[in-house]
Amino acid sequence: MKRIGRSVAVIAALSLFAAAVRVEFPPVPPVPSAGWPQPEIAEPFARELIARVPPAAFDDAAHANPELVPAVFRSLGTALLSRDAQLQAAVRSYATALVREHAARIPRDFSDDDLHMLVAFQVLDPLRYGEDAEYRHAVDTILPASLSPSLPEPLRRADINELNRVAPINFETAEALAVSAGLVRASSKRFVPNSAATITTAGNEPIEASIYSINSRFVTPDDAKRFLTAVRAAVPQRRIVVIGDEAIQSALRKDFVALRIDFIDNLNRPLTPWPRDPFSIAHAANGGLVFINRPNMQRNREEDATMVRVLLNGLPKSLDDRWKPRWTTGAMLFHNGQILLTPKAVWISMHSVEFRALELLGIDHVPVERFESAEGIARYTNAVQRAANELSKLYDRPVRFVHELPHTPQQIEVLSGGAGFDLDSIVTLLPQVGGSIDALVGDVSLGATLAASANEWQQLEKTYSLTANTRDAVLNFQRDPSAIGLQRFLDQTAHDLAAHGIKVRRLPLLMIPTSLLIHDDERPETPYFLVTANNVVLERNRAEGFGSGLPIVDSAARSAFKSAGYDLTLFPPLPRSVVLNGGYRCASNEVRVAP
């Protein structure tokens with residue numbers, strides 16, 4: 001844990017109170033120099049403490065001897081793990097009563113120190129809560145009962161926000177605490193086990209609501225306001241749902257009202273700004289919605305598995321009544337950033353189902369060492385095809401590849417250039433009247449050509465906080481091996497789609513080296529990020545996306561969409577999301593009108 005692990009903070013907070021009645025602690029065992037207090041010392045102390053200092057009098061004793069409180073809490077924490085069932089039960093009840101008594105005394109105009117002290121009462125031994133899994137589990141079993149619903153709502157909400165911000169508290173515990181505190185509804189009651197829900201949307205029906213995840217870790221209030229203002233202007237009647245943290249809510253509270261935005265407090269859970277990937281939305285037979293969690297989470301994005309539950313926790317009553325939402329976990333692996341929906345098919349690349357293909361083969365890496373033989377390639381592509389066939393059940397339509405599956409080492413080398421890129425960031429499929437589709441395929445060479453003639457580089461630099469005079473560095477990077485490999489993949493994709501009678505147009509695509517970012521601590525793991533005209537959301541004959549920061553690129557993108565019968569609306573980008581390789585489609589999820 002961070003701040004709450006310091007005894008100094010505990011003492012400082014306690015010193016703010018004025019002692020009313022002098023109540024003494026029993027002799028307090030000293031804090032050991034290493035490890036946790038031993039049971040043979042802590043348990044006798046806990047028994048005497050419970051007998052001598054009733055919960056209602058504990059604060060008085062703490063006020064009189066604030067320097068002893070950390071040691072008192074640490075010994076009490078050890079006793080919470082006692083093998084003596086009777087003592088353990090007594091400590092659990094005592095600890096719960098302590099925090100509820102203490103919380104009732106906190107003034108309505110509470111300070112940060114008041115908040116930190118309340119959290120310390122809840123977890124007793126902050127350091128141990130952060131480092132000892134057994135202790136953390138024991139605390140988590142009593143934590144949900146620590147806040148009375150009768151406490152002022154600002155205090156209850158601030159306390160849970162603080163716990164989620166500084167403590168390794170799991171979602172189940174945090175939600176149980178928020179439910180018992182009367183702040184949210186329980187998502188567990190909305191779970192549908194073994195749901196057979198399928199995705200029936202074609203991906204271009206009218207949008208009833210757009211769902212965004214906007215957190216201050218990734219988005220500044222100014223960027224959020226600019227973006228949401230543009231969305232509201234473009235789609236005046238659409239419901240806009242923002243899952244966000246307290247910092248965004250505090251900064252934009254009045255703007256959310258003016259823009260008619262439904263805000264859902266995520267209680268400071270560490271959600272990413274990309275709601276596209278972790279869940280799909282299906283229409284149930286009763287007219288309600290089923291939110292389908294993907295069972296396979298990405299590394300460092302495991303918390304996104306709770307995004308649907310946070311949404312259902314705080315969904316406004318009007319939408320809750322209308323959608324009758326339920327949630328489930330998908331029966332098969334999927335990644336929405338790697339899937340392009342059309343009315344008649346689901347389109348993917350071989351990289352879209354890589355995770356499942358490896359699982360089917362029982363290996364932990366793409367077996368490039370076996371790709372020198374046709375047999376090795378065939379074994380891998382057979383697994384890819386099996387994984388694709390599984391997806392057809394979820395989407396209730398056939399799965400097709402945007403490229404031919406490889407049969408030779410040369411073919412697989414070309415297709416390897418698309419590894420590591422979300423398909424929706426580099427290819428867009430546009431349904432046409434009559435059932436055909438057009439394809440817009442990214443083009444690094446086209447992006448470089450347009451960028452070379454651009455005069456607005458300062459706008460690009462300002463948008464993404466790049467160092468000055470980036471033009472030459474950006475243009476040179478389009479000749480990087482990763483850019484060349486991606487271009488070969490895209491050229492092959494364009495060729496294969498055209499061979500199937502699909503009309504193909506090319507869209508400008510740029511790879512920006514992250515070495516140009518001004519702030520080193522904001523650099524992503526990849527050495528580049530994409531400025532792409534793909535990664536858009538479709539609605540009938542229009543598309544929505546992020547502006548690139550280069551007007552000449554935006555103009556070319558609008559022309560390409562227009563020639564395919566679609567109007568392209570570009571919003572101010574969320575720069576940090578783009579730098580982390582998340583475009584507009586990644587940053588949104590949609591509730592569409594039922595097909």
For P(r) over Cα pairs in 20 Å bins from 0, in percent the list reads [x] 19, 52, 26, 2; [y] 20, 54, 23, 2, 0; [z] 19, 44, 28, 9, 0; the calculated value is entry [z]
Taking every C-alpha to C-alpha distance in the stretch 235-339 and binning by 10 Å from 0, the per-bin percentages run 14, 42, 35, 9, 0
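I'd like the carbon and sulfur percentage of the solvent accessible area for the stretch 38-189, probe radius 1.4 Å, heavy atoms only, ligands and nucleic acids excluded. Please list the in-between numbers first.
On the way: 3030 of 5930 Å².
It is 51 percent, rounded to a whole number.
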A student applying the Cα gyration tensor rule (rounded when a/c is under 1.5; otherwise prolate if a/b is larger than b/c, oblate if not) would label the stretch 131-208 prolate
Zone reached by a paramagnetic label modelled 7 Å from Val593 Cα along Cα→Cβ, restricted to the stretch 525-549 with backbone N below 12 Å, covers 540-541
Contour minus Cα-Cα span, Ala331 to Asp521, at 0.36 nm per residue, comes to 64.6 nm
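When you count, for each residue, the other Cβ atoms within 10 Å and take the mean per peptide, how do 372-380, 257-265, 484-492 rank with the highest first? Before the final figure, lay out the partial values.
Values: 372-380: 14.6, 257-265: 16.4, 484-492: 20.7.
Top of the packing list down: 484-492, 257-265, 372-380.
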Links exceeding 22 Å between C-alpha atoms in this model, out of Lys225/Lys462; Lys324/Lys344; Lys254/Lys324; Lys393/Lys562; Lys324/Lys393, come to Lys324/Lys344; Lys254/Lys324; Lys393/Lys562; Lys324/Lys393
Kirkwood radius from Cα pairs of the stretch 472-533 plugged into Stokes-Einstein at 20 °C, 1.002 mPa s, gives D in µm²/s equal to 162 µm²/s
Length gained, Gln458-Lys317, 0.36 nm per residue minus C-alpha separation, equals 46.2 nm
Most packed first (mean Cβ within 10 Å per residue), the peptides 296-305, 219-228 order as 219-228, 296-305
Extension length gain for Ala473 and Asp60 (0.36 nm per residue less Cα distance), in nm, is 142.2 nm
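What is the calculated FRET efficiency for Ser392 to Glu134, with r their C-beta to C-beta distance and R₀ = 56 Å, to the nearest 0.05?
On the way: r = 45 Å, r/R0 = 0.80.
It comes to 0.80.
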One finds, for Glu67 and Ser150 with R0 = 30 angstrom and r their Cβ-Cβ distance, a FRET efficiency to the nearest 0.05 of 0.40
Per residue, the convex hull enclosing the alpha carbons of the stretch 437-595 has a volume in Å³ of 117 Å³
Label model pair Glu172, Gln38: point-to-point distance (7 angstrom along the Cα→beta-carbon line) in nm is 3.4 nm
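Over the stretch 60-175, average the accessible area per residue using a 1.4 Å probe and give it in Å², no decimals.
Working: 4250 Å² over 116 residues.
The answer is 37 Å² per residue.
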Once both label points are put 7 Å beyond Cα along the C-beta direction, the Arg379-Gln237 separation in nm becomes 5.7 nm
extent check for the stretch 61-150: Cα max minus min per principal axis, descending, whole Å, gives 40, 30, 24
Ordering 309-318, 350-359, 32-41 by per-residue average of other C-beta atoms within 10 angstrom, highest first, gives 350-359, 309-318, 32-41
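With only Lys, Arg, Asp and Glu charged, each at its Cβ (+1 for the first two, -1 for the last two), find how big the charge dipole of the stretch 185-327 is about the Cα centre; round to the nearest 20 debye.
On the way: 22 positive and 15 negative charges, 51 e Å.
Magnitude of the dipole: close to 240 debye.
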Env charge @ Arg505, Cβ radius under 14 Å, K,R +1 / D,E -1, value +1
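The values are calculated or read from the model by the stated rules, or taken from the named source; none is laboratory data. Source: prediction; values computed, not measured. FYI the Cβ positions are ideal-geometry reconstructions off the backbone, even for glycines, and counts take in every protein chain you see. Protein only, heavy atoms only, side chains kept; ligands, DNA and RNA dropped before computing areas. Shrake-Rupley method; radii C 1.70, N 1.55, O 1.52, S 1.80 Å.
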